[in-house]
Amino acid sequence: MAEERFYPVGIQSFETIRKKGMVYIDKTAYVHQLVNKGYYYFLSRPRRFGKSLLLSTMQAYFEGKRELFDGLYIGEHEREWTKREVLKIDFSNGKYFTLHHLQAAINMMLSDFEERYGVTPFEGATPGTRMTKIIQAAYQRSGTEIVVLVDEYDAPLFDSVCHPEERHIMRQTIRDMLSPLKGQGALIRFVFITGITKFSQMSVFSELNNLQNISMLLQYEGICGITEEELTTVMQPDIELFAQNTGVSYEQALAELKDMYDGYHFAERMTDVYNPFSLLYALNSWKVDSYWFASATPTMMIELMQRQRIEMDELEGVDTSSDGFDTPIGENITDVVPLLFQSGYLSIKDYDAETKTYTLGFPNREVRTGFARTFYKYVSGDYATGRDKLRQAYIRFRRSGDIEPFLQTLRLFFAGYPYSLNNNNERHYQSVLYTLLVAFGADVEAERQTANGRMDIVLRMPKAVYVIELKYGHSTEEAAEQLQRKDYAAAFAFDGRPVIQVGINFSRDERTVTEWQVTY
């Protein structure tokens, strides 16, 4: 039995992790490189991806806590340990549903700084003027340039998304607070700001136009999260322990963790990065589950998709230019794709260097399945209960290989579907069926391309591969004829499983499945 190790589940304090001997993936080489190459940085990464731990590591380094870095990259390579005053502005722990919440949080942080450095704010002082005095006082106390670390600057903007008027004032308040970071640059050695996204380069960061955005630079792909190389080297004992406790081989354990938590790529090199939150929870509990996705729901993203009439299957293989990732996201979000990428719901799947085009898709099974479940429940409202019976029919279908009972349940399912939904075209039924199958955990593709055309849905089951052609207001004979004529089955000649072709017709009048034809 491999030796038990202690994982920092829910712990973002570098000092606590090091003092208690918990598992720590050494990211200090990145810190050393950043400090020696520049001064002002911005990093975007999804929530719970290690941004707070990274800032905690930086804070310990600048505060000169050398003993915490024994055995780490900085401990071996740093020669000058200059102790500096560190101002850490942390928006990651609160909720900011109104302007009052934000103002109270800012006032508390600034008051703590003022008490630390003996600053008395004058009447009517703004967050910006107070911050200016704090920076000056911190510099005077230390006699050397100070450090400013800002964690999750955009948390208030996400929390207030349903209150656009207050959100505008919140943005201006955050902008005012951070504006002295450039004006007082002569007193500052290092600035590092994290968030999920740059909401608008023209507002919050307008004064801080000297920030270097390292979010998609090749050399910083692995600065947060756990890379596959780190997992299979530094964390190999953890995978071995996980395998022993779950009764599978090392290879099986690694494959399952990869399928569930890998797939995050933050630059065109596409270095594999695992979700650290879910991975550590799985290793700690000896159970693969949806830890990261279950910790929050993408309600805002789905509302934006509905507003922009985007179906879930359209997110698999969506293309965007390099400029698209830096699209300003202000009061009216006109493109949800960059936000889905920066929030961790989409990841880079391919990159065309010639056209500088990124192809995006869901990073892994945890996100894909969780997003499908949430998307369906949100768009179908109260009718989501009908999904449970269809899911049970799917499970029986998966076990038996008999598709007929599943199709019968599918007919009943769509027969009760809300008439108010836009269920009057083939595309609608394809999207709903695809989303449901993903939510059930199926291995399914929509719009699979072949040399002869596109297959509506491909469903891979343990005993067979099902090629499904959908028709609306036509006939199953037409669907079956198209399947035969285009010979879609040839695409799976080397799969080893039998290919079963399924034609399904939806009636214009009844708005449900009226007939189907299965060809074995």
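The values are calculated or read from the model by the stated rules, or taken from the named source; none is laboratory data. Remember, predicted model here, so these are calculated numbers, not experimental data. For neighbour counting, all protein chains shown are included, and Cβ atoms are generated from backbone atoms with ideal geometry for every residue, glycine included. Note: accessible area is taken over every heavy atom of the protein model, side chains too, but ligands, DNA and RNA are not part of it. Shrake-Rupley method; radii C 1.70, N 1.55, O 1.52, S 1.80 Å.
Observations
- In a residue-by-residue description of segment 314-328, the property of being surrounded by 21 or more Cβ atoms within 10 Å (Cβ to Cβ), assigned to a helix (DSSP H, G or I), modelled with pLDDT of 85 or more and of a type in the set (Asp, Glu) applies to no position.
- Some residue of segment 116-138 being closer than 22 Å to residue 208 by Cβ and of a type in the set (Phe, Trp, Tyr): no
- Which listed residue, of 60, 104, is under 25 Å from residue 136 (Cβ atoms), open to solvent by 20 Å² or more (accessible area, probe 1.4 Å) and among the hydrophobic types (A, V, I, L, M, F, W, C): 104
- Residue check, residue 18 within 24 Å of residue 228 (Cα to Cα), among the basic types (Lys, Arg) and part of a loop (DSSP other than H, G, I, E, B): no
- All positions within segment 160-178 that are charged (D, E, K, R) and out of contact with any Ser or Thr (no Cβ under 9 Å at 6 or more places or on another chain): 165
- Any pair with Cβ under 6 angstrom, 6 or more apart, that starts in segment 135-146 at a residue that is touching a residue at least 60 places away in the same chain (Cβ under 8 Å) and ends at one that is open to solvent by 70 Å² or more (accessible area, probe 1.4 Å): 146/139
- Within segment 417-437, tally of residues that are open to solvent by 50 Å² or more (accessible area, probe 1.4 Å) and either modelled with pLDDT under 70 or of a type in the set (S, T, N, Q) (or both): 4
- Residue in segment 466-475 that is surrounded by fewer than 19 Cβ atoms within 10 Å (Cβ to Cβ), among the basic types (Lys, Arg) and touching a residue at least 40 places away in the same chain (Cβ under 8 Å) present: no
- Flag: residue 460 does not match the condition of being under 25 Å from residue 314 (Cα atoms), touching a residue at least 40 places away in the same chain (Cβ under 8 Å) and open to solvent by 40 Å² or more (accessible area, probe 1.4 Å).
- Those residues of segment 257-279 which are among the hydrophobic types (A, V, I, L, M, F, W, C), closer than 20 Å to residue 369 by Cα and in contact (Cβ under 8 Å) with a residue 40 or more places away in the chain, in sequence order: 260, 273, 277, 279
- Filter pass, residue 450 being more than 16 Å from residue 497 (Cβ to Cβ), surrounded by fewer than 20 Cβ atoms within 10 Å (Cβ to Cβ) and more than 32 Å from the chain's Cα centre (by Cα): no
- Filtered residues of segment 87-101 (kept if closer than 25 Å to residue 11 by Cβ and open to solvent by less than 90 Å² (accessible area, probe 1.4 Å)): 87, 88, 89, 90, 91, 92, 94, 96
- For segment 255-292, the tally of residues that are open to solvent by less than 40 Å² (accessible area, probe 1.4 Å) and not acidic (Asp, Glu) stands at 21.
- If you filter segment 21-51 down to residues that are part of a helix (DSSP H, G or I) and under 22 Å from the mean Cα position of the chain (by Cα), you find that the one that is nearest to residue 347 (Cα to Cα) is 51.
- Failed item in (1) closer than 28 Å to residue 157 by Cα; (2) part of a helix (DSSP H, G or I); (3) in contact with a helix residue (DSSP H, G or I) (Cβ under 7 Å, 6 or more places away or on another chain), with residue 54 passing the rest: (3)
- Some residue of segment 78-86 being of a type in the set (Ser, Thr, Tyr) and open to solvent by 100 Å² or more (accessible area, probe 1.4 Å): no
- Within segment 165-199, considering residues that are polar (S, T, N, Q) and open to solvent by less than 10 Å² (accessible area, probe 1.4 Å), the one modelled with the highest pLDDT: 194
- From the list 334, 369, 357, the lone residue that is in contact with a helix residue (DSSP H, G or I) (Cβ under 7 Å, 6 or more places away or on another chain) and either polar (S, T, N, Q) or within 28 Å of residue 157 (Cα to Cα) (or both) is 369.
- Top-ranked residue in segment 107-116 [being open to solvent by less than 20 Å² (accessible area, probe 1.4 Å) and more than 32 Å from the chain's Cα centre (by Cα); ranked as nearest to residue 155 (Cα to Cα)]: 113
Every residue, every condition in (1) in contact with a helix residue (DSSP H, G or I) (Cβ under 8 Å, 6 or more places away or on another chain); (2) more than 22 Å from residue 507 (Cα to Cα), yes or no:
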| site | (1), (2) |
| --- | --- |
| 406 | yes, no |
| 432 | yes, no |
| 438 | yes, yes |
| 441 | yes, yes |
| 445 | no, yes |
| 448 | yes, yes |
| 459 | yes, yes |
| 462 | yes, yes |
| 483 | yes, no |
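- Selection status of residue 174, under 25 Å from the mean Cα position of the chain (by Cα), farther than 30 Å from residue 25 by Cα and of a type outside the set (Gly, Ala, Ser): yes
- For segment 9-19, a residue qualifies if it is under 21 Å from residue 88 (Cβ atoms) and either under 20 Å from the mean Cα position of the chain (by Cα) or free of Cβ contacts under 8 Å to residues at least 40 places away in the same chain (or both), and the qualifying residues are 10, 11, 12, 16, 17.
- Residue match in segment 202-222 (condition: in contact with a strand residue (DSSP E or B) (Cβ under 7 Å, 6 or more places away or on another chain), modelled with pLDDT of 95 or more, surrounded by 18 or more Cβ atoms within 10 Å (Cβ to Cβ) and on the phi > 0 side of the Ramachandran plot): no
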